[in-house]
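Visitor: Input: one structure, supplied below.
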Amino acid sequence: MRSGRSERPKEVLSEANVRRSPVLQETQHGSKHGERSRTRRQKGVGGYKVAVLTISDRCSKGQREDKSGKIVQGLVKALPGEVIKYELIPDEPEMIKEKLKGYCDDLKVDLVLTNGGTGFTPRDFTPEATKGVIERDVPGIPEAMRTLCLHLTKRAMLSRGVAGIRGKTLIVNLPGSSMGAKESLEAILDGLPHGLDMILDREH
């Protein structure tokens with residue numbers, strides 16, 4: 001015996017349906033983005049050269065382990081990126097500038113990630129030193145880090161880190177704490193390849 005209910009026909013996932021549904025649009029976009037990311041890694045596209053600079057008086061004297069520097073180096077692999085230079089220096093503005101110039105002009109790395117020296121203490125000079133060497137400011141990157149990390153800790157608003165471009169190199173300041181450096185880098189990691197490709201005139 002047939003039931004009195006009539007079965008609803010299955011909805012066809014047409015192009016028109018996708019256009020009408022923001023959820024389907026987001027799902028489709030996310031799927032395509034994921035496929036592009038996987039294809040990118042499978043083909044080895046990217047391979048960004050990265051320098052990591054830890055800026056800390058205590059770490060440079062061996063009084064504290066550089067945990068944040070190790071965390072940053074580990075996260076860089078997801079770009080995909082290779083750390084070709086890692087250094088640890090004290091909070092000296094002129095030394096910071098010289099290191100940044102060397103990474104950009106001599107080593108010609110694609111990305112410089114600094115960690116430390118972005119707070120309020122009298123020895124926190126990293127943003128000022130970075131501003132002294134960059135040619136173009138990229139305010140959206142530190143804005144994104146602070147905005148996204150504010151959901152995790154109110155202390156995110158106290159970071160003075162900046163980001164900018166010198167030549168063909170992007171420089172980004174990360175906080176010095178291991179958790180701050182991790183959360184800040186994770187907040188921007190997915191967007192960095194597109195920006196780096198634009199700087200390098202790669203297909204993006």
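Read the figures in this text as sums done on the coordinates, not as results from a lab. Just so it is clear, the structure is predicted and the values come from calculations on it, not from any experiment. Neighbour counts run over all protein chains shown; Cβ positions are idealised from the backbone, glycine included.
Visitor: Using the basic label-point model (7 angstrom from Cα toward the beta carbon), what is the HIS151 to TYR86 distance in nanometres?
Guide: Reported label-point gap for HIS151 and TYR86 is 3.0 nm.
Visitor: Where a Cα-Cα gap under 24 Å defines reach, which lysines qualify for LYS182, not counting those fewer than 8 residues away within the same chain?
Guide: Straight-distance partners of LYS182: LYS49, LYS61, LYS67, LYS70, LYS77, LYS85, LYS97, LYS99, LYS131, LYS154.
Visitor: So, counting K/R as plus one and D/E as minus one, what does the shell of residues with Cβ under 9 Å around LEU53 add up to? Don't skip to the answer; put the middle values down first.
Guide: Values: positive: LYS85, LYS99; negative: GLU87.
The answer is +1.
Visitor: Subtract the Cα-Cα distance of LYS131 and ARG64 from 0.36 nm times their separation in residues, and report this length gain in nm to one decimal.
Guide: Values: separation 67, 0.36 × 67 = 24.12 nm, distance 2.73 nm.
So the extension gain works out to 21.4 nm.
Visitor: Let me ask something else about it. Extending each Cα 7 Å along its Cβ direction at GLU143 and MET198, get the distance between those two points in nm, one decimal.
Guide: Result: 1.2 nm between the two label points.
Visitor: While we're here: Assign one of three labels to segment 96-200, namely rounded, prolate or oblate, based on the Cα gyration tensor with a ≥ b ≥ c the square roots of its eigenvalues; rounded applies when a/c is under 1.5, prolate when it is not and a/b is larger than b/c, and oblate otherwise. Walk me through the numbers on the way to the answer.
Guide: Numbers: a/c = 2.09, a/b = 1.29, b/c = 1.61.
Note, shape of segment 96-200 comes out oblate.
Visitor: Please give the net charge around GLU135, taking every other residue with its beta carbon less than 13 angstrom from that of GLU135, where Lys and Arg add +1 and Asp and Glu add -1.
Guide: +3
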